[in-house]
Every structure is written in C-alpha cells, then in structure tokens.
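Data block below; observations after.
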Amino acid sequence: MEFPFVLLIGLFFAAAVYLMLSKFLVRVLLGVVLLGNGVNLLLFTNGRILREVPPIIPQGHDVPATLTANPLPQALILTAIVISFSFFAFLLVLVYRAYQDLGTDNGNEMRLAEPEDDPLPPTGY
Amino acid sequence: MAANPADLSAALVLTPVPAADWLVVLPPAWCILAGAVLLMLRKSVRLQALIAIPALAGLVVIDALLLAHVAANGPVTMVMGRWLPPFGIAFTADLTGVLFALAGAVVALAGGVHALADIDASGRRYGFYPFLLLLMAGVSGAFLTGDIFNLYVWFEVLLIASFGLITLGSEPRQIDGAIKYAFLNLIATTLFLVTTGYLYGIFGTLNMADIAAKAAAGRAELPLMTLATLYFVAFGMKAAAFPVNFWLPASYHTPRVVVSALFAGLLTKVGIYALLRTLVMLFPVEREELSFLIVLVGVATMLLGALGALGQSDIRRLIGYVVISGIGVMLAGLSLGSPGGIGGAIFYALHSMVVMTALYMAAGLAGRLAGSFDLNSLGGLYGRSALFSALSLVLFFAAAGLPPFSGFWPKVMVAKAAIDIGAWWLAAAVLATGFLTTIALGRVFALAYWRPAPMALPVQTMPAGALLPLVLLTALTVGFGLFPERLMALVQHAAQGLADPRAYIGSVFPEGK
Amino acid sequence: MNTLIFRTVAPFLTALMALFSIFVLLRGHNEPGGGFIGGLIAVSALAIFGIANGIAAVRRALWFHPMAISAFGLFIACLAGLLSAAFGVPFMTGLWVYPVVLGVEIPLSSVMLFDTGVYLVVVGAITSIALALEAGDDV
C-alpha cells in the first residue's frame with residue numbers, strides 16, 4: 001500500500017521544486033503549497049498505512065475494541081496542515097503587498113534591500 | 001465512566017507534581033499569556049511597554065530560577081496532560097537548553113528596553129511588543145521542549161512572530177527583505193518536518209530521550225545517517241551556515257534596528273541549539289562521520305562571513321556578516337565533538353547572543369546620531385559621545401574575539417580542542433577569522449567614530465533609555481570575559497550532558513526504562 | 001456575487017453556520033469535531049457575510065478586532081493548561097466538574113476551555129487574514 005504513496009510524494013516534491021525554482025513569486029508560493037502537501041503525505045505514509053478503522057474509542061471503553069489506524073501521524077498532519085495553511089495565508093498577503101509596493105512579482109527585480117550599485121566601503125580617510 | 005478499568009499507571013502520571021517542575025513549562029506559557037494580554041490591549045499604546053518590560057523581566061527571573069534548579073538537581077521533565085513519555089509531549093530542561101533560554105531572555109529584555117526609544121508609536125500599535133513576547137514563547141519553547149515534533153511547532157511559532165516583526169512598518173524595503181526571509185526559512189522548516197517524518201517512520205517515537213536511547217541501541221540497522229544529514233541541512237539553513245546563508249544578509253538590515261538586534265541574538269542561535277540537540281545528543285556517531293563536512297562548512301562560513309563583512313559599506317549588513325562568521329565558529333566546535341569543542345560552541349553561542357544583539361543596537365544608535373548607516377558618510381561619533389564610542393569599541397573587540405572580552409574564551413576552547421586532535425588548520429582558520437573581523441570592525445571604528453564628520457551631523461541627542469541596555473549587555477561581555485570560570489564550568493557540564501545523555505533520559509524515564 | 005438572493009440569504013446562512021460551528025466545537029471532545037474545525041466553519045460564515053455585505057459590516061458584527069479575539073482565545077487556552085497547577089497535576093491535564101443545572105448534569109472541563117480558546121484563535125486569526133486580503137490593507 002505504501003508504494004503508490006511513495007511515488008505520489010516524489011511527484012509532489014518534484015513539482016514543488018520545479019515551481020520553487022521559478023523567479024516569479026506566485027509560482028514559488030504554489031510550489032511551497034505543493035511541498036507542504038507532499039510533506040503531509042510523507043508524514044502519513046511514515047506512520048504506515050495499515051488499517052482503515054478510525055482510532056476512536058467507543059463510549060464506555062478505555063481501550064479501542066479492535067486494532068485501529070495509527071492516530072499519531074494524523075495528529076502530526078493536522079498540526080502541519082494548520083501551520084502550512086497559516087504560512088500560506090501570510091505569504092499570500094506578503095506577495096500581494098510586494099506586488100503592490102514593488103510593482104513586480106519577479107524575484108530578480110526585487111533589489112530594494114540589496115541594491116546592485118551598493119557602494120564599496122571607503123579604503124581610507 | 002470506565003466500564004473496564006484499565007491500569008492507568010502505565011500511561012499516566014499519578015503522583016503529584018512538585019511545584020519546581022512547573023518552572024519547565026512556565027517560560028513559554030508565561031510569554032504566551034503576556035503576549036495574548038498585549039495583543040488584546042494593542043490599542044492602548046502606552047500600556048504596551050508597561051506590561052511587556054516587566055513580563056520580560058519576569059521571564060529572566062523564571063529562567064534564572066530554572067537554571068539554578070537544573071544546575072543543582074540535573075535535568076527536569078514535565079509531561080503535558082500527565083501522559084507518560086513517550087506518549088505525552090515532554091518538556092525537558094537540561095543545562096544546555098536552560099543556558100540558551102536564559103541568554104535569550106536577557107537579550108529579549110534588553111531589546112524590549114531598547115525598543116522604548118527605537119520603536120515609535122505606530123510600531124507599537126502594529127504590535128511590536130506582542131510579537132516580541134510570542135517570539136520569546138517560541139524561543140523558550142524550542143530550548144526547553146523534549147519532543148522533536150514539538151520543537152518543530154515552536155520553530156513555527158517563533159517564525160510566525162518573526163514574520164510579524166520583520167514586516168513591522170511595511171516599508172517596501174522591508175517587504176523585499178521579508179519575502180526572502182520568509183520563503184527560505186519556510187523551506188528550511190519544511191525540510192525539518194520532512195526529516196522528522198522520516199524519524200518517526202524509523203523510530204515510531206518523537207520523544208528525544210526515547211530516540212536517543214533507541215538510536216544508541218539499534219544503530220547498526222537504522223538509516224540514521226540520512227536523518228543526521230537532513231537535520232544538518234535543515235538546521236544549517238536556520239543557522240545561516242555557508243552555502244545556505246543568503247537569506248540573512250538579504251533581510252537582517254531591513255527591519256527596525258532593534259528587530260535586527262533581536263533576530264541576530266535569537267534566531268540563528270535556535271538553529272545552532274537544534275544542531276547541538278540532534279547531532280550531538282541524538283546522533284553522535286553520525287556526527288562523527290559527518291564531521292569533515294561540518295568542519296568544511298564551518299570554516300567556509302566563518303571565513304566568508306568575515307570577508308563579507310569586509311566588503312560592506314552599510315554597517316547593518318556588515319554586522320549581519322559578522323553574525324554569520326560567528327556561526328562558523330560554533331559549527332567548528334560542533335564538528336570537533338570533544339567536550340572542549342561542544343562546550344566552546346555553547347559558550348560562543350551564548351556570547352554571540354549577547355554581543356550580536358548589542359552590536360546591532362550600537363549600529364542603530366550610530367545611525368541615529370550620524371543620520372546614516374553608510375560607512376562612506378558616517379563620521380564624528382567619538383566627538384558626539386565618548387561613552388558610546390567606548391561601549392562600541394568593547395563590543396567590536398568582543399565580537400572579534402579579542403581578550404579580555406567574552407568572545408575570547410570560547411575561541412580558545414575551540415582552537416584548543418582543534419589542536420588537541422591535530423587540526424591545526426582549523427585553529428588557524430578560527431584565528432584568521434578573528435583577524436579579519438578585527439579589521440572589518442576596526443575600520444568601522446576608524447571611519448565612523450574617529451574620522452571627523454564628513455557632513456554636518458543632524459542634531460540628535462543620545463536617548464538614555466536606548467543606552468541602558470547597551471551598557472547592560474556590554475557589562476555582561478566584559479564580566480564573562482574577565483571572570484569566565486563559572487560559565488566555563490557550566491558549559492562544560494552542559495556539553496557533557498549532551499554527549500552523554502543518561503541524565504537527560506533518566507529525567508524523562510525515571511524508572512530507568 | 002452581489003445578487004439580491006445572496007444578500008437576502010446570507011444573514012440566515014451566517015447565523016445557521018455560526019450555530020453549527022458551536023455545535024461542532026462542543027461535540028469535539030469525544031467525537032469528530034473540535035475547536036479548530038468549528039472555528040473554520042465560523043470563519044466561513046463570516047466570509048459569506050462579508051462577501052454579501054462588505055467587510056465593514058463584518059467588522060461591525062464582530063464588535064471586537066479579530067486579532068483581539070484570537071488573543072483572547074490564546075489567553076484562555078493557556079490559562080486552561082495552567083489551571084492544573086492548582087491541583088498538583090502536570091500542565092494541561094484535563095480537569096472535570098459536573099455541575100447540575102435544573103436537574104441536568106453538565107460536564108465542564110478544562111479541555112473544553114482549551115478547545116474554546118482554539119476556536120477563538122482560529123476565528124480571530126483567519127478572519128483577520130481574510131479581511132486583510134479582501135480590503136488589501138495590513139493585517
């Protein structure tokens with residue numbers, strides 16, 4: 001069961017890297033989103049895909065009645081989803097602001113913080 | 001409720017918790033509470049500093065108490081929701097973590113006081129102090145947690161807070177810097193998460209004490225080298241080590257100077273702490289295998305950082321390169337692996353937290369007094385304020401690692417540890433870095449402080465509130481430079497605790513599982 | 001999107017979804033649900049309201065600034081964890097009380113307080129981001 005997931009994760013990572021190598025920030029952003037999803041799948045697969053029983057303990061029991069799916073990767077993924085979602089929201093606002101203020105979404109043209117004609121330091125008094 | 005009562009003592013803590021254990025979780029909880037209150041009150045600009053600075057002082061007190069407790073009794077653990085480890089998330093404070101946390105708290109307090117003069121009302125309305133407290137929650141949590149996924153979560157907490165701080169004011173330059181900072185740091189933490197996913201797949205646990213024990217037991221058949229290498233890349237990126245350091249000089253000079261100061265003091269050191277925790281405590285054998293790579297990266301980082309500092313005309317960017325160069329020394333210490341090397345790395349990290357923060361503060365004050373951050377137009381600062389110049393000179397020497405300031409001793413420890421194993425070239429690189437840094441910072445002093453002002457200086461008075469934290473931090477570096485014995489003993493103890501984590505594991509699993 | 005039908009339906013839909021979000025929040029202790037998903041439903045409700053009536057209406061309806069809401073949530077979530085200090089149990093241990101109101105036993109717990117905090121954090125944080133994106137101003 002793991003093998004198709006592994007292929008899928010590889011596909012996600014490849015697409016994400018390809019997008020992140022772009023100079024346009026919107027594509028980089030999409031790459032980051034894809035990467036986050038690939039990582040979530042990776043966490044899920046690392047918890048082993050064994051059973052399709054949800055890990056919920058029925059009313060009146062202290063332990064689950066049967067073997068269930070591993071709940072921990074699900075908790076990890078939920079955390080990772082929340083975090084990557086909030087980062088995506090922040091980066092979206094940031095890229096949008098950059099587009100408004102700097103007038104471009106091309107990373108090569110964003111040289112405000114590091115101007116190309118930065119003067120060299122003086123060599124003497 | 002329980003129909004078939006199970007044996008709860010196997011899964012839950014059933015004995016009462018001593019009150020002193022609460023010190024372990026208190027630093028992040030305290031920061032979150034204070035940050036939340038500040039965020040609720042962000043309309044009332046006057047109250048912000050009034051609440052934040054006592055809260056940060058309280059954090060220093062808590063961390064100091066925790067340090068005293070840990071130094072006396074060894075590592076302390078508290079689990080969340082009374083679930084026993086490895087099921088529950090554990091917070092474990094050992095000497096390394098507490099020393100970092102205390103230094104971070106001191107730096108944050110200094111930054112909070114410095115911000116009184118540096119952050120204007122609009123900056124406070126946008127939430128400087130709440131973000132600072134949340135940043136400290138993330139930083140303290142990262143230093144004190146005993147669970148590797150929880151470490152990731154605290155990384156993200158501090159990253160989100162740092163995003164808030166770096167865009168404070170939203171000037172176009174800041175947006176530009178923030179984009180590079182945000183994307184590259186996000187990729188680094190994602191790599192951290194990937195590695196943690198693999199680690200979970202291999203060990204089936206996320207508790208660091210448990211991992212350390214299991215790794216030691218089953219080293220032969222587990223692919224631990226992959227994990228160690230991936231962690232090295234991920235945390236190396238966070239720490240701004242050489243081939244992946246470019247986000248730092250692209251962004252650290254763009255925000256308010258006090259924000260740069262806090263970042264320089266806190267963020268890269270969290271990366272170094274995580275490297276120490278993973279490579280020294282969890283994967284020591286793999287670190288040994290990787291040591292040649294680590295030392296190459298370390299030497300490249302320190303030399304290129306120092307050379308980068310020589311080539312800058314903006315003093316804030318120059319200090320950014322000095323920060324990077326210091327990371328190289330820490331990596332060199334890490335690569336050696338001996339108690340002297342690790343102890344030197346910890347000592348250097350603590351020194352660097354204090355001194356880099358103070359350097360940025362000094363740069364901010366210089367810029368404010370002279371009206372420019374450019375070495376080509378700076379000048380006449382000595383005539384402006386002799387006290388400030390003296391403080392700056394002390395900090396420059398401390399950053400370059402000259403005696404009798406705090407940067408000297410860790411460099412001695414690292415160089416000594418290098419010579420002990422015959423790596424004279426590493427010791428030479430550390431010395432050459434100190435030499436180049438002295439030139440770079442000495443030139444700043446000659447040009448900006450001694451040289452007569454090239455243009456008429458704007459009439460600006462020195463704000464006393466901004467000078468106070470600078471005096472405090474400088475006093476720390478002089479104090480630990482003149483009397484290093486106590487701290488040196490502590491860091492050596494901390495390094496032993498990392499290299500031989502039996503006490504750490506024993507604190508998480510008391511019955512010696 | 002600004003059709004008459006949508007504008008007429010939106011307030012009802014918003015109220016219904018807000019109610020449902022609280023149901024999901026309270027259901028969360030022993031069954032699927034909880035603060036995070038409940039908060040997301042509440043944010044969707046506010047988003048629908050915002051699309052129909054504009055962001056000024058949402059800000060008026062919320063009364064508090066979204067960031068203050070999420071800060072309050074953070075505060076009570078953290079407080080819920082610290083409550084256990086008074087009982088000699090570790091941080092964030094679930095504490096339960098069963099007060100009887102009008103003959104009905106109502107189980108209350110620090111876990112629920114924590115979950116309510118999460119709910120408010122999600123509502124506040126994501127609403128403020130959504131409003132910022134909609135308005136194009138700073139968060």
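Structural remarks
- Across A:Val63, A:Val17, A:Val93, mean-square fluctuation computed from a Gaussian network of chain A (C-alpha pairs under 10 Å connected) peaks at A:Val63.
- Total formal charge among the other residues, if their Cβ is under 11 angstrom from that of B:Gly326, Lys/Arg +1 and Asp/Glu -1: +2
- Placing pseudo-labels 7 Å out from each Cα toward the beta carbon at A:Leu120 and B:Phe292 gives an inter-label distance of 3.7 nm.
- On the principal axes of its alpha carbon atoms, the range B:118-270 extends 57, 29, 20 Å, with the longest extent given first.
- Computed extension gain for B:Leu65 through B:Trp450, at 0.36 nm per residue and net of the alpha carbon distance, reaches 134.3 nm.
- Put a plus charge on the Cβ of each Lys and Arg, a minus charge on the Cβ of each Asp and Glu, and nothing anywhere else: the dipole of the protein assembly as shown about its Cα centre is then about 1100 debye.
- Furthest towards positive pole of dipole, C:Pro66, C:Leu113, C:Val101, structure part the range C:4-135, Cβ charges: C:Pro66
- Convex hull of Cα atoms in the range B:303-389, direction-averaged projection (nm²): 6.0
- The per residue volume of the convex hull around the alpha-carbon atoms of the protein assembly as shown is 170 Å³.
- Ranked by the mean number of other Cβ atoms within 10 Å of their residues, highest first, the peptides B:498-504, C:46-52, B:480-486 come out as C:46-52, B:498-504, B:480-486.
- Pairs from B:Lys238/B:Lys416; A:Lys23/B:Lys238; B:Lys238/B:Lys411; B:Lys43/B:Lys269; B:Lys43/B:Lys238; B:Lys180/B:Lys269 whose Cα-Cα separation, in the structure shown, is over 31 Å: B:Lys43/B:Lys269; B:Lys43/B:Lys238
- Within the range B:381-419, backbone nitrogen closer than 16 Å to the virtual label 7 Å beyond the Cα of B:Ala464 toward Cβ: B:387-388
- Arranged from fewest to most other beta-carbon atoms within 10 Å of their beta carbon, A:Ile77, B:Ile346 become A:Ile77, B:Ile346.
- Residue order, fewest to most surrounding Cβ atoms within 10 angstrom, among A:Asp105, B:Asp94, B:Asp176: A:Asp105, B:Asp176, B:Asp94
- In the protein assembly as shown, the DSSP-assigned H stretches of four residues or longer account for a calculated mean residue ellipticity at 222 nm of -23500 deg cm²/dmol, using -39500 (n - 2.57) per stretch and the full residue count as denominator.
- Between the residues B:Trp22, B:Ala142, B:Ala475, the greatest Cα displacement towards the positive end of the dipole of the range B:20-504, with unit charges on the Cβ of Lys, Arg, Asp and Glu, is found for B:Ala475.
- Given +1 at the Cβ of Lys and Arg, -1 at the Cβ of Asp and Glu and no other charges, the dipole of the range C:4-135 around its Cα centre is 340 debye to the nearest 20.
- Ranked B:Lys269, B:Lys411, B:Lys180, criterion: other C-beta atoms within 10 Å, fewest first: B:Lys180, B:Lys411, B:Lys269
- When you work out D = kT/(6 pi eta Rh) for chain A at 4 °C and 1.567 mPa s, using the Kirkwood radius from C-alpha pairs as Rh and the Stokes-Einstein form, the result is 72 µm²/s.
- Rg to Rh, two decimals, where the range B:246-333 supplies the alpha carbon set and Rh follows Kirkwood: 1.03
- Principal axis analysis of the Cα atoms in the range B:20-504 yields extents of 70, 55, 41 Å, listed in decreasing size.
- Point-charge dipole on Cβ atoms (K/R +1, D/E -1) for the range B:20-504, about Cα centre, debye to 20: 980
- Estimated FRET transfer efficiency (A:Val26, C:Glu31; beta-carbon r; R0 56 Å; 0.05): 0.90
- Note on B:Ala489 and A:Thr104: the model spin-label points, each 7 Å out from Cα along the C-beta direction, lie 5.9 nm apart.
- Between the listed residues C:Leu25, B:Ala213, A:Phe12, the Cα displaced farthest toward the positive end of the dipole of the protein assembly as shown, a dipole computed from Cβ unit charges relative to the Cα centre, is found at C:Leu25.
No lab work stands behind these numbers, since they all come straight from the coordinates. Just so it is clear, the structure is predicted and the values come from calculations on it, not from any experiment. Don't worry about glycine lacking a Cβ; one is built from the backbone with ideal geometry, like all the others, and counts go over all protein chains shown.
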